[in-house]
Every structure is written in structure tokens, then in C-alpha cells.
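Asker: The structure under discussion is supplied below as C-alpha cells; questions concerning it will follow.
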Ligand code: G3P
Ligand code: MG
């Protein structure tokens, strides 16, 4: 079964326009007609998969420390929107469960990036798998991670789901060949690469090996750069803002 991804995927919902990894950010992306969103997922102390990018709660919530040290009922009390803009105060850290149910209702695809707290990679994957196996949801999903262990484990436990790897450094042909080998061995369908390392040669080589390529960036990729990336064979771009992309979202 193949998975068709759109040219644009909303990054952490749509992180430039609403507080990242919150329901508000996802609803904003949906309102803007984005068809797939990317979210970062890790677990709380009671092993509830939640949406949070950083290792710590500090930057994007009113809390402090690692989420693995807090029960979800404690994390739920935190404000996850005020840091972004006053009008978003009262936003909460959502669970993966509620996001999958929301996206099922709205028919939105979800890229679940497994972003475990260090040392909790196994528990992270197992908690997500447990949820996926027991939740009645119907939105399309695929998993990805910078953590190769998480990628391999989730593909083993959920062989019918698509898994892609994320690469934060792509600096040699040797590394490219190693990545291709890893994808083939584990049946990974995609490779997410930072825009810093993209070259036509890398994209062509991955494509020749039937590996889809997605691009992420620390700063929003503007439409001119996006057009260049699509023209050399990039499949999807993670976007923070849709200014310039309107024609692609009709
Ligand atoms: O999955 C693409 C992108 O989200 C990876 O980087 O740090 O934003 O999670 P980051
Ligand atoms: Mg991410």
C-alpha cells in the first residue's frame, strides 16, 4: 500500500501562525486548507503520548523540566499558548489521542514525529503503538524520527504503517549510501532532510532508490525556495507559514 503525501505539510500544526503542537495550531492549519500536519510526540510520566517539541516544557509552556517527570494531569494545567501570543493563553498540551480523533473528523493526514526524551525511546514507541492499536481513528498517518532506534522499533511493531527517517546532517556520499541501505533494510519509505544539505544529486539518488524526500528547515522555507526544491524532485515541504503558498492550497 503506498502513501501519497502533499507538497505542503504544516510544521507542528502551523507553527508560525499559532502556538506549535497545540490544537489551535492544528485547527489553524486545517482552516488554511493544509491537508497534512506534522507533530512532535513524546510521553508524560504516566506514559501518555503528548505533543511537545523540546526536551523541556520551558520554552512552549508555563511549566518547567522534562515532561517525563510530570503526570499528564499536571501537564494539562500548563499554559501552552501564552508564550506565543496573549490571545492563545489557555491553550493546553494536547494528547496524541485527541489530535488523531480531531484529524480523523477533519480528514487530515498526520506525520507523527517520535521525539522521545533521551533514555525513554522504547517506552515512547510502545506507548504510541499501544494507542494506535486501541484507538478507533481513520486519518492517514506516517511516523518519522531522527532516532533510528524509534524508527526501527515502530516499523517492527506496526509493519503496516509507513515510517520515514529524519536526517540532521547529510554531508557525504558515504552517508547517503548508508542512509539508503538503512531505508531498504527496514522498509522506510521516506527521508526528511534539512534544507541546508539538499542537493539535486542527493534527491535523485534517493528517488532512484524509491525513497520519497521531504524537507524541513529551522526557518520557514519561502515559496521561491520551495519551487526550486519541488523542481528538483522534493516531495513535501514542512511549512511554518503559508504566505506565498496560497495557490498550492486550493
Ligand atoms: O519532521 C520534520 C521536522 O519537524 C524536524 O525538525 O526539530 O522541527 O522537529 P523539528
Ligand atoms: Mg518535528
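Asker: Check off (1) outside any strand (DSSP E or B); (2) free of Cβ contacts under 8 Å to residues at least 60 places away in the same chain; (3) under 14 Å from the mean Cα position of the chain (by Cα) for residue 21 and give me the number that stays unchecked.
Answerer: (2) is the only condition that residue 21 fails.
Asker: Does the range 240-250 hold any residues that are assigned to a loop (DSSP other than H, G, I, E, B) and loosely packed, with under 13 Cβ neighbours inside 10 Å, and which are they?
Answerer: 243, 250
Asker: Still on this structure: Please determine, by comparing only the residues of the range 34-56 that are away from ligand 1 (no atom under 16 Å from the Cβ) and over 28 Å from residue 107 (Cα atoms), which one is surrounded by the fewest Cβ atoms within 10 Å (Cβ to Cβ).
Answerer: Checking each candidate, the answer is 46.
Asker: Is one or more of the residues making up the range 215-228 part of a strand (DSSP E or B) and more than 16 Å from ligand 2 (Cβ to nearest atom)?
Answerer: So far as the range 215-228 goes, no, none of its residues is part of a strand (DSSP E or B) and more than 16 Å from ligand 2 (Cβ to nearest atom).
Asker: Of the residues 237, 211, only one is more than 16 Å from ligand 2 (Cβ to nearest atom) and either surrounded by 13 or more Cβ atoms within 10 Å (Cβ to Cβ) or within 24 Å of residue 2 (Cα to Cα) (or both); which?
Answerer: Only one candidate passes the filter, namely 211.
Asker: Are any residues in the range 141-161 touching a residue at least 40 places away in the same chain (Cβ under 8 Å) and touching a helix residue (DSSP H, G or I) at 6+ places or on another chain (Cβ under 9 Å), and if so, which ones?
Answerer: 141, 144, 154
Asker: Here is a list of conditions, (1) within 16 Å of residue 36 (Cα to Cα); (2) within 16 Å of ligand 1 (Cβ to nearest atom); (3) at pLDDT below 95, and residue 197 meets all of them except one; can you say which number that is?
Answerer: The one condition residue 197 does not meet is (1).
Asker: Ok, one more. Right, residue 170: within 16 Å of ligand 1 (Cβ to nearest atom), touching a strand residue (DSSP E or B) at 6+ places or on another chain (Cβ under 6 Å), without any contact (Cβ under 8 Å) to a residue 40 or more places away in the chain and over 28 Å from residue 30 (Cα atoms) or not? First the steps, then the outcome.
Answerer: Details: within 16 Å of ligand 1 (Cβ to nearest atom): yes; touching a strand residue (DSSP E or B) at 6+ places or on another chain (Cβ under 6 Å): yes; without any contact (Cβ under 8 Å) to a residue 40 or more places away in the chain: yes; over 28 Å from residue 30 (Cα atoms): yes.
So residue 170 passes the test.
Asker: Can you tell me how many residues within the range 30-58 are outside any strand (DSSP E or B), within 16 Å of ligand 2 (Cβ to nearest atom) and either on the phi > 0 side of the Ramachandran plot or touching a residue at least 40 places away in the same chain (Cβ under 8 Å) (or both)? Before the answer, list the steps.
Answerer: We begin by selecting, within the range 30-58, every residue outside any strand (DSSP E or B); these are 30-35, 44-48, 52-58.
In the following step, the residues that additionally are within 16 Å of ligand 2 (Cβ to nearest atom) were identified as 34, 52-56.
Narrowing the set further to residues that are either on the phi > 0 side of the Ramachandran plot or touching a residue at least 40 places away in the same chain (Cβ under 8 Å) (or both) leaves 34, 52-53, 55.
Qualifying residue count for the region: 4.
Asker: A further question follows. Of the numbered conditions (1) away from ligand 2 (no atom under 16 Å from the Cβ); (2) under 22 Å from residue 146 (Cβ atoms), residue 110 satisfies every one except a single condition; which is it?
Answerer: Single failed check for residue 110: (1).
The values are calculated or read from the model by the stated rules, or taken from the named source; none is laboratory data. Computed from a predicted structure; not experimentally measured. Every residue, glycine among them, receives a Cβ derived from its backbone with ideal geometry; neighbour counts consider all protein chains shown.
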